[in-house]
Each structure stands twice: as structure tokens, then as C-alpha cells.
């Protein structure tokens, strides 16, 4: 392994290259304090522990970090390993450095059920702190880098554990921050410990071809240099070797042989201006044959980690070369990422809050991390890390809002994922999506470069359970589940209140005292009769109209009578009325007190078995049975009590539904499928798209066995993608 020894003198010499004397005084005080507190502590290698913290401080200096960041790097273990209290740290080094040290400190005192939960909680703490101050992760990355450089002294099981964690968590973070030098080294070191045989095999292949590769690259460099000198460019040019883990990953994921990796021969050109980059690209393409599909313009469209460069792959003398062209500033950011963009500059007043805001503006994914962290209390450590891994680290599809904001999403993401990434409220009110100017289904898979416009509606009923099958990001899935849970709770409470009011009104209409009838003695037999768990379940059933209001009232009355309590006058009259002849219709409804009369359903509200019903005595058409809430019988004085007959359960009833939503391909097909799955007969369907070519109204006529079956159908139709409302029609 390479020698990574850092001496105390190297620490101070590197700092003096860019820090003021006042800043160096802070570094010396931090060094002296760390040296004193770590006295007598040793690493697995047998070296004094101070060697590690000095190395961390030195690497931070090579990144040109600010003096407080370097000081925090030197002190990052004193609170955890040396028992230094918060107040002492604040007194010696101030709140800012103390907060940085506390944020970097690992979780050690808490108890977790297993190693996985411990690691997840530890990582979550780091990322929450990172969302507040990026310097935390800079220190943590450098700390991990030096630990990886000296991992040979750890036992094998520890090597595997630490290397796996580095590859899964720290290397992706370094990549997202654009710190390719650190990312590449972390990956190669992890590769060395996790797959030593594959590592040595690729290292051998690289070494065997080294002289040949160097000769070809040097020949190409000479040719390109002559070309650029002809046109008087200012430039630097050199060969670039691909790191071993990157070669291994391409061989595995793309199933390629070693000699098929196109950018194994790589050349980098550093020039003065952005215009020069494009000019040089033009001259290279004019002289050499570019390979189609391999030109990538990351200058016009930077990567999410601020990376900018022109990439092209060319053919020369039968060999393939990848050429990267960029400016000096782009090259610094490509190698050091966020550490280069916010390099400490003497004389400029540092403001942590302003820096964080600037980072969020430059790094779109960092805004996502901040948003994710806002919901941290709602998730377990494992959930948080799973969301972070899938939604941020694995994001490689870049789409844009109409205003040009770039959103990075994982492969397979849909417009719904995009909507929730913009804002939770936008996701919850989404009713449609327009991608690249065309209306598309909400399950459309987005591609890099798509421009996505989300259509929302204040009248939207919100996400449905079907959305959970569509979305890719865990963030969107968690938001949808939270909405559905709150909606279910709110709807249940609403139906309970509605059911209670309906029952009280019905008891009052029948002349039954609610205080007398709604007690435990009378209610328990009712629960048992309807197989319900309690009062709330009964009221919920009444509110949903899955339990017959008239049957509950009748049951309460019967229970009261059977208990020996005398009937009041109103109930006595109804008792004698029930002894009279009844009209038994062929539609499953009986009419009290009348022996012969024609009975039929009203076409305005189409009652079904289980609905609360009432009869209306017409002139010449007998009794028309209406739903009790039908507006056509409100205030009428020719009403008569009707009840569902015992035969009603074996019959079917036609009723009409009106669906509204956003038109899309296969919408009617999806609706018909749902109707079939709910085992309901479809007897008629008609749809109309409005002039806006987006809004659609669909009228259904269905045949159902009961109100409960109809309620189930409506609930499932509401879950159909792009359907915003489903209502029973009353004319």
C-alpha cells in the first residue's frame, strides 16, 4: 500500500500556504489541544492517535478548507474519545467549531437492536448535520479517507464492514459533492478490501498494457498539441488513467471485456475559456473521426454535482480515445467539487448560513437532502437511509420544470415522483402531467431531458393507493401513504359524525328519545346483530350507508320493547300499523299499512338495497321509492314508510354514476377493468371530453346487489389514475 504518512510539520507548512497568521494561531491551538487530550491513545497500527487527526487536518488544508473547518478536523474525536464536555469546547473554540465537532461525532452511547439499526442511525445523524452545514461532511469524508488508507491494520471482518459502508455511503456522497479525487480513492480502496482477487486482476491488466497505452496516449497528445499550437490556443494536455473500480464496474454492469472499455485511453485538455473548449472540440472533430452518440456537453448542461466538461470519443489509427475538454476552473471543480467551489479565500468574511444557501442553489440534489431531512421525525433511521440511497444517490435521470429547474430522479420515475420532489402540496393535488408539450398518463416513465409540467386542481381528491404502484421514489411513496392515512382518519371521523346525526334525526322522526335509546343496554344487541365492534363502527356504517338506518332504528325499538319497557304513543301507532296488511312488491320493498298498491323505484335517484329509503304516493303511478336524501321528496307531505323486504338481498339494482377527471389513453379500459374486478355488471357507459381536450366526464350505469357493493365500487373507481371524483347521479 502507498505511504500516506503526514507529519506535524507538513500540517503547518500546508496551512501557511494560504492561511493568515491569525488563522494559523487557531490551527496551532487546536493541534495543541488535540495532542494533549489524545496523549496515551494509540491506533491499531501502534502509532499515536494524534497521527490520524493531523492527517485529517492536513487533507482538509490541501482542499483549502477554512481555518475553522481545519480546526474542527483536528478536534473531531476529542469529545467522543477524550470525554471533553460541550461547555469546555465552547469556551476554548466557540460555538461554531463545537457544533461542527458534535455533528461529526459518531453515536456511541445509544443502544440499538442490531448493527444495521446502529449504522443507519449513525448515518442519519451525519446527513442531518450535513443538510445544515456542508463542512460536516467534508470533515467526515476526510476522516473516512484516512481510515481507509490505514485499513490494513484492522482485522478482516472489520475491513469488510468498513469498506462496504464506504462504498455504499461515503463514496456516493463524495460523488454527489463532485469530489472525484476523494470518491475515486475511496472506491479503489474499498474495491481492494472487498474483492482483492478482482482488484489485483484488473491492476495486472492495466500494468501489462501500461507501456503500450502510454505510448499511444503520448503519440496522440503530441498530435493534438501540434493541432492546437497551430491555432494559437493556451492549453495544458495530459493523459488520464481510469481508476480500477470504475473499470471493474463497467466490466460487470455492461458485461464488457477489459479491452472493450472505450475510455481506457483518455486525454484531458485544459484551456483558458469556455469558448476555447468549443473551438478545440471543433478542430478535433475536423481532424479525427468522432464516434456517434459519444459527444456529451456537460458545459451547457452541468451534472448535478456541478461537473462541467466536454466529452467526445474519437477514432485515430484504429484506436479509440476519450477526450475531455474544460477550463482550469472546471477542472478544479471536477477534481475537488464543492471543496473547490467554496475554497477558503483570505480576506473574505465567511458566513455559514449564506454558504449553505449558495450550496443549495448550486447543488439541486442538496435541496432534496434538505427537504428529506425536514421529514426526519416521521421516519425510522432505516427508512431515512433507504430514501437517501434510492432517491438521491441512485438518481441519474435529469428532467426540468417549465421554468428550467433541473430535478434529478432515479430510473423509472414518473410525473408523480417529479411533483412530490417539487413540493408535497403539488404532489397531493396532481391531476395530470404534460411532458414535452403533450398530455401523458401519470405512469409515464420520465427520461433525461424531459420538460415536465404538472397540472393541479384544488378540487382534486388527492393521491390514490394505485399511485403507490406507479411511483419510484421512496420520498413520494412515503408522502402518498401519509396522505392516505390522514385522509382515511378524517373520512372515518366525518362518516362517524354523519352517522350519529342521521341516527339521532331518525330517532327524533320516529318519536324516540335519543338519550333513552342510545345507551349501552340497547346498543350492544345492535352491534352484535350487524356484526360490528362498537358504537363508532355502527355510526361509521350508518354514515357510509353500508348499514340501513331504518333497520337500526327498528332494531333499537324491538330491543326496547322486548326489555319490557312500555311503548310510547308514536311507537304504539306504528305497532298497530305493522299489524295491518303490507304491499309486498316484486322489487324487494314493502309498504306499511297498505294492502294493494303499485310500487316502483324513482328514476331520479335510483335506490339500491341498503340505501335509506322513503315512499312517495304519486297520482296514478302508485308509490315511488326514493332515497331519503333525494331532493325531489324534500318537504313533500305525501311520504310513507317503506322498508327493504327479506327478498331484497337476492336482487340487483341499477344506478348511475358520474366520473370526472383528466383524459388519457386506456382510461375507459381501466374503468371497465375495475368494474369487472368489483364483480359489478356494467349496463351502460358514455364519455365526453370537453373543449380543452383534457377534462373528461364519464357516465356509468351499473347493476349492483347492495349499497355496500356500490360503495366499494365507488371507492375503487376513485383510485383510478386521473379520475378526480365519482358521484351517484340524482336528477
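Every number in this text was worked out from the coordinates using simple rules, so none of it is lab data. Note that the structure is predicted; figures quoted are calculated from it, not measured. Cβ sites come from the backbone with ideal geometry, for glycine too, and all protein chains shown count toward neighbours.
The figures follow:
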| quantity | calculated |
| --- | --- |
| Mean-position separation - Cα centroids, region 425-452 and region 183-199, in angstrom | 40 Å |
| Sequence-separation-based contact order of region 206-336, relative, with Cα cut under 8 Å and 6+ spacing, percent | 24 percent |
| Length released on extending from residue 515 to residue 682, taking residue separation times 0.36 nm less the Cα-Cα span | 55.7 nm |
| For region 652-728, Kirkwood radius (reciprocal of mean inverse C-alpha pair distance, Å) | 12.4 Å |
| Ranked by how many other beta carbons lie within 10 Å on average, peptides 57-64, 96-103, 211-218 from highest | 57-64, 96-103, 211-218 |
| Cα gyration tensor category, rounded, prolate or oblate, for region 473-565 with a/c compared to 1.5 | prolate |
| Förster radius 30 Å - calculated FRET efficiency between residue 28 and residue 335 (Cβ-Cβ, nearest 0.05) | 0.55 |
| Theoretical gain in end-to-end length, residue 715 to residue 457 [0.36 nm per residue, Cα-Cα removed] | 90.9 nm |
| Gap separating the Cα centres of region 288-311 and region 1-78, nearest whole Å | 38 Å |
| Cα-based shape type of region 206-336, given that a ≥ b ≥ c are square roots of the gyration tensor eigenvalues and the cut on a/c is 1.5 | oblate |
| Packing-based order for 331-339, 9-17, using average beta carbon neighbours within 10 Å, highest first | 331-339, 9-17 |
| Shape call, region 27-72: gyration tensor on alpha carbons, a/c limit 1.5 | oblate |
